[in-house]
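Accompanying notes for the structure given below.
The values are calculated or read from the model by the stated rules, or taken from the named source; none is laboratory data. All figures in this text were calculated on a predicted structure; none of them were measured in a lab. Cβ atoms come from the backbone with ideal geometry, glycine included; neighbour counts cover every protein chain shown.
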Amino acid sequence: MGKKPKSSRKGKKAWRANISTDDIDEFIEKSTKDALTGGSLAEVPNESLFFVDKSKDLSVKRKIEKHREKVLHCDSVLQRNPFVKAIPSSNDKKKSSMKNKKNKKDSTEASTSKDDATKDGESGIVDLWENEAEGDIRTRKVVKTSVIPAVEVDPPGCSYNPNFEAHQDSLAKAVAEEMQKVYQSELGPQPVPLTVQGDAIEEEEMYFLEVDNGDDEANEENEDAPEKSSSMKKMVTKVEFNRRARLKDRQKKESEAKKKAEISKEIDSLPTIIDEIAKEDEEKQKRMMRRLVAKQERLKQQPPRLGRHKFVPAPTQVLLSEEITGSLRKLKACCTLATDRFKSLEKRGLIPPSANKRRRKYNFAYELRFLAGDKVLDLYFIDDGEAEEAAGVLIDVRVEDEALRKLRLKHLEEMRTLAAHLRTYLRGRPAGNVQRSRNFCSSPSVNRADEAAAAMEEEAERKIGWLLKVIFAGTATAIGYQFFPYMGDNLVLQSISLLQVKDPFFKRSGASRLASYAIDDGRRMKIVELGGAQELLNMLEAAKDDRTRKAALEALAALTKSDKAAGALHKAGAIPIVQSTPSSVEEEAIDKYKTGLLKRFQDLKYDGSS
Amino acid sequence: MTKKDTAKKTVAKLKKNKHYRPAGKKREGNAARYMTRSQAIKQLQVNLSVFRKLCILKGVFPREPKKKVKGNNQTYYHVKDIAFIQHDPLLEKLREQRAYQKKIHKALAKKNEDLATRLRTREPSYTLDRLIRERYPKFVDALRDLDDCLSMVHLFAALPAVERLKINVERVHSCRRLSHEWQAYVARCHKLRKVFVSVKGIYYQAEVEGQKITWLAPHAMQQVLPDDVNFSVMLTFVEFYETLLGFVNFRLYHSISVKYPPILDPRLEALAADLYALTRYMNGNTKRISEEQESGSTKPEHTRGQLEGAQFEESEHQLPSNEDRALMHLIEEDDDNDDDEDTKKCKKLFKNMKFYLSREVPRESLLFVIPAFGGVVSWEGDAAPFTEADQSITHQIVDRPSQGHMYLSREYIQPQWIYDCINFGVILEAHRYLVGRVPPPHLSPFVDNEAEGYFPDYAETIKRFEAAAKNEVLPMPGVGKDDLDDPQLLLAEGYLSRTEAIEVAERKKERATSEKQYLEDLKQEVQGHPDATASIAVEGAQVEEESSRPHLEQVAEDTDGTALMMMSRRNRGLFKAMKIAKDKKKAKVEKLKQRKKQIAEST
């Protein structure tokens, strides 16, 4: 259809065209229709249009009546017998319950209004389950969130006075948990380094580099392009065309034949294929079963993943072997029950697990200094001698701090994990702290930490072995180091055992510890008695770098201030070893210590030759 | 033309398909059924804290859909759960509260103190009664879910009130009151069954209306408030649980016809002897009510709106004059006709024993535990029923290295004795628990040794002791070992050890075979055969007997197999999981035994 030619909308013609005559047309049409059919229906009275059907439609009637009163056959039978009272059928119940429901609604409304009147202060003074027997309580299907019970009873090993075997069991579990954390942090992926080694590239140069590369690629493309286009433009001769067509044909035929052969082959090997499928199915089934079982097992231990964070179980609360006293009064109980309940809520999936809030970046050196600061505060509580010691520790800390800074990353990492481990250990059981505030004046509060460390060491030794022993020795020293002024036999032993460790870092720290411990004759002799002198000499002999030698010499110098200790050192063959230590250019202190030591031996009339 | 037709067809098809959604906007399955938390918050038009509160109060918890449409880092809720919250009037109430709080803020900001205080007096509040009724339609449901409730209430009763965390003093006090009310009921009705003192706290298990209820109460020491706990969440839980426990206590008190809430002696309350005050109240109340019932003249019920003074007067009237008698009264009750076997046993455990607690023992726990097993107890303090000098005291509980002045008429024992006696259900010999000694290990009563298949040493000694005690009490006259069908004897024998039980079974089998043989002999005699074939018959019986055992095993295996086949895939998986767990347990027991052997060898 072509477009209508546009005409002017002005003028009479256009104006007329816009008047609609529909209603007129409609009326005319209707009136003619009425005339033809005999009047409109709207004007006719109802009687002439409808009538009451009085004829009997049996089927409909039956249907209606059946619905009107439905009497079950069983009921009707029972009704006939006057001695048997019919039990109302379920149908009746439904109807009545509907009525009840309405009533109930009213009553509940009333009760709520009453509740509002009586404010919340008085809730709990009515019997809520008064009419539970009525059985008309619309209940929502309660979804059980988890199979874990609300109150999980601790294993028997967590008793305050446990059976030996059960206790060992629980303890092993606790140690394993801790060690898993350590291993996980050790074996986990390395964090992405903040800086990358190498020379910095200036921005301008980078720009140029990129430009060069781009140019090369563009050139290559340009070179390739004309060749391709020329080959494309080549004309195809008829001979060539035919040849290609034939080749295509042949290939098609060949492929078809091949397919056929393959299919026939497959048909031949149908039984094996069926076998394979069956096997596959079985395997799938097995895998599914395994997954299902694994999931069920997992759900017994922890909730499903309900949010951003993973559920982290609370540490097991178990006493160390030393802490078992058999007395309720002396029990070091867990005082963080709130955590336990909260973790239980998380474990049962009632609330999504929250993030672990303790995520402050840990700085070992800072921590040391911080602790040293604490010691300064404590100086008010101790006498002069101890104050001197504390001051010594402060100096020592400063030296150690610098050394730590210079140390390789590996050592720092090690110390960090150890310290973190230790911290979690101590934090998990702040019971000690509570006790500490209670009997601060009477007992050396810090010994507790030492004991804990020693106990941990012992437990670990029992459980895991040598490797752990090394790690725990580190932990113990870390603690002991922090509470230096209170060091006792225990820590002298540990310092000495540190000397036996292969790593020079541990050796050095052990030696420096001994050096600062040996401040009076009794202590010096104690070190000697516990075999510290021999170990120090061994260390000096085996040392491979100057700093280790220096640390050993320093400790020896501290020891020789006592006459007896010097005698013991002489007996252990100190003079030749000291004499044989090479002097070094960087560390002048070595020479100083060496000469000092030798002079001291001469003063005491110990011969180099004897 | 054809194009038009196809278009029409597709339109018709679309109309037919009810759930059509344009491509890219498909919402079916998990996408339609679950929504994330932020979506839910948007839908409910509340803020996060209110949403959390609503979820906890309504009992709506996050779910884990199979497919997490919005990513793995989201928390998902079921759409119907959220709709369920949306229809609750509580939602409106909380919104109202928030709006009202804004009004107060506004008044304060405009320095209109008068208005603010006036507004504060009429703050909208809500009750949780309806919610409790909705979540626990039956009383039994409430009892089943009481574990967490009790632990939480006991915990909050021991927490310090900290304003920063909104743990206010009223809350702590009401928790304390509720926990004491519960304990008083349990002690009064002798419903306590097990106690386990662990490092974490003290586990109790009671059996109320057939439901085993376990809860954990903290040790009597300062609790710390760790910073990794969200206390607003905890407080919401506690708010709900407080109401729940209130209703439960009401019901339980009324079941033993004691008025609730109890009215306590203000003097005892001031001395923090709530539990004792409660027990006294209960005894007085029940006695009075029973008297009233006997006389048939019931007093008109006092409404709660009565004056305080009148209440106290009444309470003093209720309280019995003789304190000591009130305690003794506990045992003299003789309404045990409806008690079950366990309750009767528990009631009698510490009968005719009088305990005195020294200063250093955990008072709260022991004051609850000892009366629960029928003992009479007093402590060192002001309102104590009797003093240390009382001659009738049979046991004094001490926890110190040595006792200075000792009365010869009583035993000085450590508190663990009480707990162990309760757990084993017998009065143990006191010499192992004497003052200054290291007591034997405190074993967990929650471990089913029989099922575990491993008995710790001390448990075995006690078992032997128990068996010996039983023999002493009821020596079975005239019961020979042959009367194997006697169930009591069988039980007693099976009690001692597994191996003996097996022996018993074997003996029984022997007896059965001999019986059979005898019958067969009889038959043969009846048939007229001489006893020439008797020996052959015996052999046959033996052969049959031998073959029957593996045959039975085979049958059992077969039935297992068929059952396995009949199970659904899921159930089969669960069954396997069960089996694996069982194997693990067995391995554990083996390990324990081995360890024990090693220790024995090394020492």
With respect to residue A:236, is the statement that it is farther than 30 Å from residue A:319 by Cβ, modelled with pLDDT of 85 or more and not in a helix (DSSP H, G or I) true?
yes
Go through (1) touching a helix residue (DSSP H, G or I) at 6+ places or on another chain (Cβ under 6 Å); (2) within 30 Å of residue B:438 (Cα to Cα) one by one and return the number of the condition residue A:336 breaks.
(1)
Which residues, taken from region B:37-64, are more than 10 Å from every other protein chain (Cβ to nearest Cβ), crowded, with 18+ Cβ neighbours inside 10 Å and not in a helix (DSSP H, G or I)?
B:46
Given the structure, is residue B:143 within 30 Å of residue A:344 (Cα to Cα) and at pLDDT 95 or above?
no
In region B:226-246, what count of residues is obtained for those that are within 7 Å of chain A (Cβ to nearest Cβ) and either in contact with a strand residue (DSSP E or B) (Cβ under 8 Å, 6 or more places away or on another chain) or part of a loop (DSSP other than H, G, I, E, B) (or both)?
5
Within region B:209-225, the count of residues that are surrounded by fewer than 23 Cβ atoms within 10 Å (Cβ to Cβ) and either within 7 Å of chain A (Cβ to nearest Cβ) or assigned to a loop (DSSP other than H, G, I, E, B) (or both) comes to 9
Which one of the conditions (1) of a type outside the set (A, V, I, L, M); (2) surrounded by fewer than 15 Cβ atoms within 10 Å (Cβ to Cβ); (3) in contact with a Leu (Cβ under 6 Å, 6 or more places away or on another chain) does residue B:379 fail to meet, given that it meets all the rest?
(2)
Collect the residues in region B:252-275 that are away from chain A (no Cβ under 14 Å) and either surrounded by 20 or more Cβ atoms within 10 Å (Cβ to Cβ) or part of a helix (DSSP H, G or I) (or both), keeping them in residue-number order.
B:264, B:265, B:266, B:267, B:268, B:269, B:270, B:273, B:274, B:275
If residue A:290 satisfies every condition in (1) modelled with pLDDT of 90 or more; (2) surrounded by 15 or more Cβ atoms within 10 Å (Cβ to Cβ) but one, which is the exception?
(2)
Conditions: (1) in contact (Cβ under 8 Å) with a residue 60 or more places away in the chain; (2) assigned to a loop (DSSP other than H, G, I, E, B). Residue B:249 meets all but one. Number of the miss?
(2)
First in region B:136-155 and in contact (Cβ under 8 Å) with a residue 60 or more places away in the chain, second anywhere and part of a loop (DSSP other than H, G, I, E, B) and among the charged types (D, E, K, R), Cβ under 9 Å, 6 or more apart
B:136/B:145; B:139/B:209; B:140/B:209; B:143/B:209; B:148/A:348
For region A:452-565, list the helices (runs of 4 or more DSSP H) that sit wholly inside it and hold at least 2 residues that are within 23 Å of residue A:322 (Cα to Cα), under 38 Å from the mean Cα position of the chain (by Cα) and at pLDDT below 80; which are they?
A:466-482, A:489-500
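Run down A:319, A:306, A:337, A:331 and say which single residue is facing chain B (nearest Cβ under 8 Å), in contact with a strand residue (DSSP E or B) (Cβ under 7 Å, 6 or more places away or on another chain) and either buried (at least 20 other Cβ atoms within 10 Å of the Cβ) or charged (D, E, K, R) (or both).
A:337
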Quick check on my filter: what residues within region B:391-424 are exposed (fewer than 15 other Cβ atoms within 10 Å of the Cβ) and more than 14 Å from chain A (Cβ to nearest Cβ)?
B:391, B:392, B:404, B:405, B:406, B:408, B:409
It is to be established whether one or more residues within region B:85-106 are assigned to a loop (DSSP other than H, G, I, E, B), surrounded by 12 or more Cβ atoms within 10 Å (Cβ to Cβ) and more than 12 Å from chain A (Cβ to nearest Cβ).
no
Residue under evaluation residue A:354, criteria (1) at the interface with chain B (Cβ under 7 Å from one of its Cβ atoms); (2) crowded, with 18+ Cβ neighbours inside 10 Å; (3) of a type in the set (Ser, Thr, Tyr), criterion not met:
(2)
Has region B:112-131 got at least one residue that is of a type in the set (A, V, I, L, M, F, W, C) and within 13 Å of chain A (Cβ to nearest Cβ)?
yes
